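Participant: I'd like to ask some things about the structure below.
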Amino acid sequence: MPDASDIVFRATGLTKVYRSGALEVHALRGIDFQARKGEFIVILGPSGSGKSTFLNIVGGLDRASGGQVWFEEHQLTALDEGQLTQYRRDHVGFVFQFYNLVPSLTAHENVQLVTEIARHPMRADEALALVGLQDRANHFPAQLSGGEQQRVAIARAIAKNPEVLLCDEPTGALDSATGIKVLEALTQVNRAVGATTLVITHNAAIRDIADRVIRFADGRIVEETVNTVKKQPSEVAW
Amino acid sequence: MVISPLRRKVLRDLRRLWAQVLAIALVLAAGVATLILGNGAYASLSETRAHYYDENRFADVFADVTRAPRALLGEVAEIEGVLDAEARIVKLGLLDLPGMVEPGSVLFVSLPETGGLNRLYLRQGRLPDPLAAREIVVSDGFAAAHRLGPGDLLPVLMNGQRRDLTITGVALSPEFIYALGPGQMMPDPRRFGVVWAPRSALEAAYDLDGAFSNLVLKLAPGANPDRVIEALDRLTERYGGVGATGRADQISHAFLDAELQALWAMVRVLPPIFLLVAAMLVNMTLSRLITLEREQIGLLKAIGYSSRAVAQHYVEFVLLIAVVGIGIGFAAGAWLGSELAQIYARFFTFPYLVFTRDPQLYGLAAVITLAAAVAGALYAVRSVVKLPPAVAMSPPSPVVYRKRGAWVRRLLNLRQTGVMVARHLMRWPFRTASSTLGVAMAVAILVASLWPFGSIDRMIDVTFFRSERHDAQIVFGTPEPLRAVFAAQDMPGVMVAEPFRQVAATISHRGREKTLAITGRPAEPRLSRVLDAGLRPMPMPQAGLILSEALAKTLQVRPGDQVTVALQEGRRSTVTLRVSALSVGYMGLGAAMEIGALNRLMGEGALISGVNLMIDDARAAEFYAAARTTPKTELIGVTSLMLSRFRATLAENITVMVTVYVVLAGIIAIGVVYNFSRIALSEQGRELASLRVLGFTNREVSGVLFGELATVVLLAQPLGWLIGYGISAAMAASFSSDLYRVPFVVERDVFAIASLVVCAAALVSAWAIRGRINNLDMIEVLKTRE
């Protein structure tokens, strides 16, 4: 049993219902979940299984319909819009499938965008060095490859020294060689920063690099595996 | 009827983008409305006037004489180019209405002969019996102000004699469309009226048996008025003629001309501004729409729609916006036109004045507006035609930004969000520049509409509080000996009395000449003063002449130059005088000298034309009564009454005018700012939503967009002030005439108010867009590729 102070996330009976007219879609049907500090968790599952909804609620982007989510001592399900914004700002780093970089800012500036509003940020150069992009710091997103853009997004996510790093399909838009580089960057920053990392993916091959693997189906967690031996991203067969 | 799918798309686009469409349509509507208003008022006023002149045979040349025998009329009619000539008696009288304390005057005019010139338009009752001694017709405005009608009695003082005249009718005349009493600044129908009486009655009252005091001439088509005037002046010289004038110098005609000129200026300035801004907005909005619909355009082309059909689809979208604008503009133009016609009815007396309903005018406004909208669309639509379908269906190449202006960033100590603002603005320099220009135009319109108030204040301050400081003025029918000053001094309530002498003269210099009254004042005048450029009172020169700057400019003389002065009264001597200095003044043209020196030139002894007075307010009523009954009094001017009338009339119209201009400027500012921000939001919605995900607050994210708006609005302020200042300067120059000069003063508060109004309009737009920023969908933006 892990030490209670070691728990970063705790979700109990989490549900989410989307209503559109008379139609009700149950995206989450009662999720119980815990994540420890520094843990690297891969979330698998088919489209529509609820994994993105789960990540969005945990990340403070969306609200649950029922149940509770705790981040450390904060009950996320009780926070208002402004407090959720503050939560994202102070504690969460996000990485998305389509990078969501600001096209009018260079790589370095995209990272600075976050360090300017963070409480205990690292230096922007440092964050870029962690993902191996110190040489491309002055390029605009349009001048970078997809993999490079995603690594800038990772640098931007970790530059604030977040407690949690949430990645939704970070390799979804990338080919395998590039995807491996991105995963390497993720595992490396997970070690270096010690942030609890949740990675959503379609790609079952990625499971081997995680501490723990969770599988979603039909709004529920249907399987949970703990890896005793973690592989390096470069050892993963794609 | 089957509506084609593309047509249906146009209608849906219009509904979806209704707010932007409306914002553009309103700017177009402002252009249409000002086109209709300006052109329509111009046409209505000038055509009505022309028709009225024609119907009532308005004269072409006017001349006053002291007293000329009727036999002279035959000689006048013989002058080459004269079609018709009529001898009249025109004399001032005083009102003596019970219950009216303040002095008022009437202008007696002998009734036009049957088939004669300046015929009356009878509105009520009948014309007087030519043989009846006491029957009269009064002017319409005057009758209305005093609620007089046929059958009422009008007590007046004619040549010092009190008479009760019987009103038989109420009439209008083309000669008094703008009925300005002597010495007045604005028509005041309560204190000034025109009274038409049978010639015989006026002959008797003013001792003019077999004589006349005024001539009006109708010229043959193509006749040269200058030659006729020259010949006429030679004939009337012996009879106290002070120089004939053409229509251009006839007061009523000249004021109408000034109004027409102002309308013409408005037509040339306002509609082009609105149409230019609207074209810019169309271009901006359509370009963005086409960028967003790039894939659809590719698809349409791929499935076989021609480039032309797709281009036509977007042109139709713009044409429909224009149609909405034209519809609103027609309604607004017609409504403003009828309001303006009502304002005109307050100043100008026409038998009828209807705001034009000429379909040609409306058609022209519509065509011009459609053209402006299509011109704005062309550039954007060209890209539709050029886009190959295969390229259109693949995602657009990413927008390339450049690192520039690092110094700006260091200087302003910009954060990254600030850098975003700056780079986005610089990435589309044309759009940024045209939006800035658009907002600047809103500022400029306000500056150009607000500055005259400061100028009018300056005119009033200089004219009434520094220069003409008397409370009242008595003008005698004929010059009186100097001792009349003492008589005036003894009147009840008079505290200070100061004489003046006025002599008509033609001043010439190197072929340029001007006929006006030279005013003689005491050496150190206290009540009626002449001011130098620093607004300090100037002593009257013992020898030499002080000319007003406007007159000096007309004659092209400088201090120290010699001018030829041909006196038009008395012995009519011609002398050469030195211009000793120039004075500042805004009303009319002025020439001044010391009263003694002027009397020496005349050689008729120490005479005065009237007295300027300072009156004890508490005893004003007593003074008015006494002044009225002083036999020699022809006219009593009261500064405070004239000024309050002036201010009241102005106040009535200020509200209407300022409201209209504020609305117009607001429409531009809102239209530009709203469209600009919608486009900026559409382009950056994804980035802004991403910022929200990263933990930026709503306020911080709005700040990025509002930062762009604020930059555009701020940059527009100085530019708008500059453009507005330029337009105002041109207006001031075009308003100035011999009647008055408009000092060009733009107070600082004009700039401040203009900026405040425009910033308020920008805030309204920002407020309208805020909801859209707050509702940015964070989750949606993460799932989609741009």
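The values are calculated or read from the model by the stated rules, or taken from the named source; none is laboratory data. Just so it is clear, the model here is predicted, and its values are computed rather than measured. We place every Cβ from the backbone using ideal geometry, glycine too, and count neighbours over all the protein chains shown.
Participant: Consider only pairs whose beta carbons are under 7 Å apart and that are at least six residues apart or on different chains; among these, list those whose first residue lies in the range B:693-704 and is facing chain A (nearest Cβ under 8 Å) and buried (at least 22 other Cβ atoms within 10 Å of the Cβ) and whose second residue is of a type in the set (S, T, N, Q) and assigned to a helix (DSSP H, G or I).
Facilitator: That search, which allows pairs on different chains as well, returns B:G695/A:T85.
Participant: Tell me yes or no: at least one residue of the range B:395-406 is crowded, with 18+ Cβ neighbours inside 10 Å, more than 14 Å from chain A (Cβ to nearest Cβ), touching a Phe, Trp or Tyr at 6+ places or on another chain (Cβ under 6 Å) and under 30 Å from B:E708 (Cβ atoms). Spell out the reasoning first.
Facilitator: Step one: list which residues in the range B:395-406 are crowded, with 18+ Cβ neighbours inside 10 Å, which gives B:401.
Retained after the next criterion (residues that are more than 14 Å from chain A (Cβ to nearest Cβ)): none.
Scanning the range B:395-406, I find no residue that is crowded, with 18+ Cβ neighbours inside 10 Å, more than 14 Å from chain A (Cβ to nearest Cβ), touching a Phe, Trp or Tyr at 6+ places or on another chain (Cβ under 6 Å) and under 30 Å from B:E708 (Cβ atoms), so the answer is no.
Participant: How many residues does the range A:83-105 contain that are within 7 Å of another protein chain (Cβ to nearest Cβ) and part of a loop (DSSP other than H, G, I, E, B)?
Facilitator: Residues meeting the conditions: 6.
Participant: Hey, which of the strands (runs of 3 or more DSSP E) in the range B:504-604, taking only ones fully inside, have at least 1 residues that are touching a Phe, Trp or Tyr at 6+ places or on another chain (Cβ under 7 Å)? Walk me through how you get there before you give the answer.
Facilitator: Working: elements: B:512-521, B:545-548, B:562-567, B:574-583, B:591-594.
Passing ranges, in order: B:512-521.
Participant: Just one of (1) within 14 Å of another protein chain (Cβ to nearest Cβ); (2) without any contact (Cβ under 8 Å) to a residue 60 or more places away in the chain trips up A:F54, so point out which.
Facilitator: Only one criterion in (1) within 14 Å of another protein chain (Cβ to nearest Cβ); (2) without any contact (Cβ under 8 Å) to a residue 60 or more places away in the chain is unmet by A:F54, namely (2).
Participant: Something else: What's the number of the condition A:V111 fails, among (1) outside any loop (DSSP other than H, G, I, E, B); (2) surrounded by 18 or more Cβ atoms within 10 Å (Cβ to Cβ); (3) out of contact with any Lys or Arg (no Cβ under 6 Å at 6 or more places or on another chain)?
Facilitator: Failed condition: (3).
Participant: Sticking with this one: In the range B:191-239, what residues are of a type in the set (D, E) and buried (at least 17 other Cβ atoms within 10 Å of the Cβ)? Quick ask: steps written out before the conclusion?
Facilitator: Narrowing the range B:191-239 to residues of a type in the set (D, E): B:203, B:207, B:209, B:226, B:230, B:233, B:237.
B:E203, B:D233 - these are the residues of the range B:191-239 that are of a type in the set (D, E) and buried (at least 17 other Cβ atoms within 10 Å of the Cβ).
Participant: Continuing with this model, one more query. Restricting attention to the range B:731-746, does a residue exist that is in a helix (DSSP H, G or I) and within 14 Å of chain A (Cβ to nearest Cβ)? Break it down stepwise before answering.
Facilitator: The initial filter retains those residues of the range B:731-746 that are in a helix (DSSP H, G or I), namely B:731-735.
Those still in the list that are within 14 Å of chain A (Cβ to nearest Cβ) too: none.
No, the range B:731-746 contains no residue that is in a helix (DSSP H, G or I) and within 14 Å of chain A (Cβ to nearest Cβ).
Participant: Next question. I'd like the full set of residues that are part of a helix (DSSP H, G or I) and either more than 8 Å from chain B (Cβ to nearest Cβ) or over 18 Å from B:R415 (Cα atoms) (or both), limited to the range A:114-141. Let's see the steps before the verdict.
Facilitator: Let us first name the residues in the range A:114-141 that are part of a helix (DSSP H, G or I), namely A:114-115, A:124-130, A:134-136, A:141.
Within the range A:114-141, A:T115, A:A124, A:D125, A:E126, A:A127, A:L128, A:A129, A:L130, A:Q134, A:D135, A:R136, A:P141 meet the criteria.
Participant: Of everything in the range B:407-421 that's within 11 Å of another protein chain (Cβ to nearest Cβ) and in a loop (DSSP other than H, G, I, E, B), which residue is farthest from A:H108 (Cα to Cα)?
Facilitator: Initially, the range B:407-421 is screened for residues within 11 Å of another protein chain (Cβ to nearest Cβ), giving B:409, B:414-421.
From what's left, in a loop (DSSP other than H, G, I, E, B): B:414-415.
On the way: B:L414: 15, B:R415: 13 Å.
It comes out as B:L414.
Participant: Please find, among B:A179, B:A144, the residue that is within 21 Å of B:V101 (Cα to Cα) and among the aliphatic types (A, V, I, L, M).
Facilitator: Values: B:A179 fails: within 21 Å of B:V101 (Cα to Cα).
Exactly one of B:A179, B:A144 is within 21 Å of B:V101 (Cα to Cα) and among the aliphatic types (A, V, I, L, M), namely B:A144.
Participant: Residues that are in contact (Cβ under 8 Å) with a residue 40 or more places away in the chain, crowded, with 19+ Cβ neighbours inside 10 Å, not β-branched (V, I, T) and not in a helix (DSSP H, G or I): does the range B:755-777 have at least one?
Facilitator: Yes, the range B:755-777 has at least one match.
Participant: Is it fair to say B:G325 is small (G, A, S) and buried (at least 19 other Cβ atoms within 10 Å of the Cβ)? Break it down stepwise before answering.
Facilitator: Details: small (G, A, S): yes; buried (at least 19 other Cβ atoms within 10 Å of the Cβ): yes.
The answer is yes for B:G325.
Participant: In addition: When both residues are 6+ apart or on different chains and their Cβ atoms are under 8 Å apart, which pairs have a first residue that lies in the range B:736-747 and is over 11 Å from B:S455 (Cβ atoms), and a second that is among the polar types (S, T, N, Q) and at pLDDT below 85?
Facilitator: As it stands, the answer is none, since no pair meets every condition given.
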